[in-house]
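The values are calculated or read from the model by the stated rules, or taken from the named source; none is laboratory data. Every value quoted in this text rests on a predicted model; they were computed, and no experiment measured them. Cβ: placed from backbone, ideal geometry, glycine included. Neighbour counts: every protein chain shown. Just the protein is used for accessible areas: all its heavy atoms, side chains included, with ligands, DNA and RNA removed. Shrake-Rupley method; radii C 1.70, N 1.55, O 1.52, S 1.80 Å.
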Amino acid sequence: MSERIVVVGGGMVAHRFVEALRSRDAEGRFEVVVLAEEPRPPYDRVALTTYFTGRDPQELNLGQDELWQDPLVRLRKGIAATAIDREARTVALSTGERLSYDHLVLATGSSAAVPPVEGSDLRGCFVYRTIDDVADLRGYVEQLRSDHPDRPVRGTVVGGGLLGLEAAGALQALGAESTVVEFAPRLMPLQVDEGGGEQLRRLIEDLGVRVLTGTATAKVLAKRTGRAAAMRFADGSSLDTEVVIFATGVRPRDELARAAGLDVGERGGVVVDEACRTTDSAISAIGEVACIEGRVWGLVAPGYAMAEITADRLLGGSATFPGADSSTKLKLLGVDVASFGDAFATGEGTLEVAYADAVAGVYKKLVLSDDAKTLLGGILVGDASAYASLRPMLGRELGCDPAAFLVPDVGDAAAAGIELPDDAGVCSCNNVTAGQIRTAVSEEGCCSLAEVKGCTKAGTSCGSCLPLVKKLVETEQERAGIEVQRGLCEHFDLSRAELFNAVQVTGLHTFSEIIARHGRGHGCDICKPVVASILASLGNGHILDGEQGGLQDTNDHMLANLQKDGTYSVVPRIPGGEITPDGLMTIGAIAKDFDLYTKITGGQRIDLFGARVDQLPAIWQRLVDAGFESGHAYGKSLRTVKSCVGQTWCRYGVQDSVAMAIALELRYRGLRSPHKLKLGVSGCARECAEARAKDVGVIATEQGWNLYVGGNGGFTPRHAELFAEDLDDAGLVRAIDRFLMYYIRTADRLQRTAAWLEEIDGGLDHVRDVVLHDSLGVADELDAAMADHIGGYQDEWRAVLEDPVKLARFTAFVNDSSPDDSLQYVVERGQRRPVMIAGPDLAVRP
Amino acid sequence: MWVTVARLADLPVERAVAARVGTDQVAVVRLSDDRVYAVGNRDPFSGANVMARGIVGSTVVDGTERRTLASPMYKQAFCLETGDCLTEPSVNLGTWQVRLREDVVEIGQREESV
């Protein structure tokens, strides 16, 4: 009989607790019931603002759904705990039930603290804490906008801290004007000093947000309708505003604990010891509701630490709270802000080294010990790239001139040279040290950044430490003598990207020349198709021309997809998934005549299975005669551009998604790439084309198109990330052209766009700079390469049918014109499927 | 008993074709130096007759270069000389005798396993 743990609260910390407990409690000692007040599973509250770009609240959900399907875990959504009976060890629920517990974990978090301002409860006043808060805000602003489309909605945020600036960003994302009102003399008074605050104000104002500091809100004034209309300040001045967001802090939700007689801190929060236990040893408190070492932490990292400690203690461990600091790095409205350690130099004898450049928009300050050697804290505004390297050095000697970290360019070089001690924390979200990352490489056999992430969880939450993790992994691999294998295979020491560059520069166009110059031996099934793909991307005629044909994998060699019995499947192109009834009947007739198993694909086209090699030309002759062309389902190339029906028929569509999908499919058809490429176009934010699961996803907006990149389904599903907003048709096509060409040139073999974006130096931001701002000066070259591709496109199958030399390969036997008679089939659900001779029989040598 | 396959000049270079030899199917490979090998067409791992559609290559084993044919199905490489799978040496494709008469390639009997 397992013991029952009841978790009150369904937020991020509760989620982490359940995850930690279930991953360690292999014997199933505990069952866990999670009481979530909100009607949804735990979600990423830190990323709440992305609700305005991602739109689908489910994308914020944390972790894997499997956690909630675990038979030992029960998530009860929309249910609150109303009282604790410590004597009976039961919790009363909002449903009237009583739930008994062996151990109770309070993870109730905090609620938004609204200051006692008259009118703060008027319609139009909001807080910024939950998905519901954000959804209400969104609905209200959208309503106002449709009520008076002639002028922008006016919004005000009370509170210029972290949350306030997030909320200002949300207002901007909703197309509202925003003003931030802060009582303190500067923005983010808890994180940055005067110099940092001044720079931050400039950067935020440049983004069109009005900033009023040193301003106290006295009252929200209403119209006759009872809706907020204006604010009055303590100095008597006023401001017209229809939306007011209070982001003035949070208060721990400790009322259950108070009522149950547990000790509560002076400024709120349930008092816990270093093991996160309250004054009742059967009750723990974790996260924002806990008062540990005399204070309440409003950050997620200490909450996660408490979740881990509680799980460990319940399973007989002895983990204790390691202490926490308020170090943060954020991107607010696109502006980098970081603050760490003793940022305000409160320690005795501390020295400050600051660098301010109002023109470049940066302010950086380091706080050092009195001998200027040991790093104690710092503030970075405008450019926080040094944060990942500096934060782990807190309390340690920097070993070089501190100024080196602050000056642009030089700073990066210095940061790269830092040798982190093993116990230095690298990922503060998941509490991973440099030593753990090194061990993952040297002892646990992780060979890539992705494997290290999977093994240690480093960089899997906010991701700000990823550049540092990557550097550590590479350094450790070199040190361990693990040659960082960049080469393609035993024949080439060059990576695919390097080989691409080499072939482009030397202009070689046969495999024999290329391997003689850049490799050794006679090639293999890895490097030959890579060279074939590079040659195709660089425009070297038909993929079966001359020596190129011999390099192709069987799919490209037969222009069809090999199936398990040695026959092939045939996929004609159906651009955008749009097909006429006649086209559909042609495909049907061909399938019937050749007895091909027929299936609709996920990419909105039709796959015809069971074609023998010798049947392929006859099948294609009929398809080509009916106006079809190769669908390149066999190639590492563009597959399909999936679309929804869009504006032309759909009541909700805002753009013609089918026309755009067809245009894109015809533009990029036949484009050879490091891996298959899938695109999608949705006609509105409902996203019926599932475009965000594609390498390139396009979603219509009222103003144009939003472009997402780096999504995929498959083995490691990933949503595409927002790349650019509200592009017009030409801007969209240009951005995709460059994105694809840059990918083709720089990605590794069989690396989808998601993995490429993760691995490439600078990540998504770098690629965005290259594509949208031509930061490498290669845009013209990329545009020209795409123009060449489009101009040189030919239907591969039509070209084969017109060329007797290429046609000659489509025979079963070189010395016998009869077909292969060894293939066997049975009929299932009205169609045939292959029968394989029971299991593969392996010829074993005597 | 020798079976005619094709004229040497008609075989693709560094690639394979399938041929019938009696009731057997073989994959015939012509290398760039005009050496010709014949191995079984049946991929022992998948059970499908597809070896002739694999990629021809090379690999260095113990300092010596071996010429290879990779299965198009699950990509195991086999030695053209011995028919042995290089990653699972107990698995073998079978090898056939090959001779060149005039400029015509002929295939003979299956060679006895060593």
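Computed about its Cα centre, the charge dipole of the protein assembly as shown is approximately 2080 debye, with only Lys, Arg, Asp and Glu carrying charge at their Cβ. Separation of the range A:355-383 and the range B:12-57, taken as the distance between their Cα centroids, equals 68 angstrom. A 1.4 Å probe, protein heavy atoms only, puts the accessible area of residue A:400 near 60 Å². Taking every protein chain into account, the 1.4 Å probe leaves residue A:387 with about 10 Å² of accessible area, to the nearest ten. Quick one: Debye curve from the alpha-carbon atoms of the range A:496-552 only, equal weights, vacuum; give me log10 I(q)/I(0) at q = 0.14, 0.21, 0.24, 0.27 Å⁻¹ to two decimals. Taking Cα atoms of the range A:496-552 as identical point scatterers yields -0.30, -0.70, -0.94, -1.22. Classify the range A:250-290: rounded, prolate or oblate, from the alpha-carbon gyration tensor (a ≥ b ≥ c, eigenvalue square roots; a/c under 1.5 rounded; otherwise prolate if a/b is larger than b/c)? Oblate, since a/c reaches 1.5 and b/c is not below a/b. Among A:640, B:4, the order of accessible area from largest down is B:4, A:640, computed with a 1.4 Å probe on protein heavy atoms.
Comparing Cα centroids, the range A:195-237 and the range A:786-825 end up 70 angstrom apart.
Please arrange A:807, A:368 by accessible surface area, largest first, computed with a 1.4 Å probe and ligands excluded.
Per-residue accessible area, sorted high to low, gives A:807, A:368.
Helix A:300-314 and the long axis of chain A differ in direction by around 90°, with both axes built from C-alpha atoms. Sites listed here are chymotrypsin sites (Phe, Trp or Tyr not before Pro) in the range A:713-789 whose DSSP assignment is loop and whose Cβ has at most 14 other Cβ atoms within 10 Å: A:715. A simple charge model with +1 on the Cβ of Lys and Arg, -1 on the Cβ of Asp and Glu and nothing else charged puts the dipole of chain B at about 340 debye relative to its Cα centre. The residue A:821 and residue A:726 beta-carbon pair, evaluated with R₀ = 56 Å, returns a calculated FRET efficiency of approximately 0.40. Using Cα-only point scatterers and the Debye equation, what is log10 of I(q)/I(0) for the range B:3-101 at each q in 0.17, 0.20, 0.24, 0.25 Å⁻¹, rounded to two decimals? After summing over all Cα pairs, the log10 values are -0.67, -0.94, -1.33, -1.43. In whole angstrom, the range A:641-744 maps to an equivalent ellipsoid with semi-axes of 20, 15, 13, each derived as √(5λ) from the alpha carbon gyration tensor and ordered largest first.
Among DSSP beta bridges lying fully in chain A, give the percent that are antiparallel, nearest 5.
Details: 77 of 123 bridges.
For chain A, the DSSP antiparallel bridge percentage is about 65.
Between the C-alpha center of the range A:614-656 and that of the range A:52-130 there is a gap of 47 Å. Qualifying chymotrypsin sites (Phe, Trp or Tyr not before Pro) in the range B:47-96, where qualification requires a DSSP coil assignment and no more than 11 other C-beta atoms within 10 Å, comprise B:74. Taking max minus min of the alpha-carbon positions on each principal axis, the range A:325-411 gives extents of 35, 27, 19 Å, largest first. Of the residues A:344, A:824, A:679, the one whose Cα sits farthest towards the positive end of the charge dipole of chain A is A:824 (charges of +1 on Lys and Arg Cβ, -1 on Asp and Glu Cβ, taken about the Cα centre). Magnitude of the charge dipole for the range A:496-552, about its Cα centre and with charges confined to Cβ atoms of Lys, Arg (+1) and Asp, Glu (-1), is about 140 debye.
For the range A:129-189, place one equal point scatterer on every Cα, skip the solvent, and apply the Debye formula. What is log10 of I(q)/I(0) at q = 0.18, 0.22 Å⁻¹? Log10 of I(q)/I(0), two decimals: -0.64, -0.86. Mean projected area of the convex hull spanned by the Cα atoms of the range A:125-248, taken over all viewing directions: 7.6 nm². Projecting the Cα atoms of A:747, A:358, A:574 onto the charge dipole of the protein assembly as shown (Cβ charges, centred on the Cα centre) puts A:574 farthest toward the positive pole. From largest to smallest, the equivalent ellipsoid semi-axes obtained for the protein assembly as shown from the alpha-carbon gyration tensor read 59, 32, 30 Å.
Of all chymotrypsin sites (Phe, Trp or Tyr not before Pro) in the range A:609-669, which ones are in loop regions per DSSP and have a Cβ with at most 14 other Cβ atoms within 10 Å?
Listed in order of number, the matching sites are A:649, A:652.
Can you give the calculated 222 nm mean residue ellipticity of chain A, where each DSSP H run of n ≥ 4 adds -39,500 (n - 2.57) and the sum is split over every residue, rounded to the nearest 500 deg cm²/dmol? Calculated at 222 nm, the ellipticity per residue is -9000 deg cm²/dmol. Taking each residue as 0.36 nm, the span from residue A:150 to residue A:259 lengthens on full extension beyond its C-alpha to C-alpha distance by 34.1 nm.
Using a probe of 1.4 Å on the protein chains alone, the accessible area found for residue A:654 is around 40 Å².
Would you mind checking the pairs A:364/A:453; A:528/A:642; A:331/A:636; A:636/B:75; A:636/A:806 and listing those with alpha carbons more than 28 angstrom apart? Correct reply: A:364/A:453; A:528/A:642; A:331/A:636. When A:351, A:380 are compared by accessible surface with a 1.4 Å probe, the order from highest to lowest is A:351, A:380.
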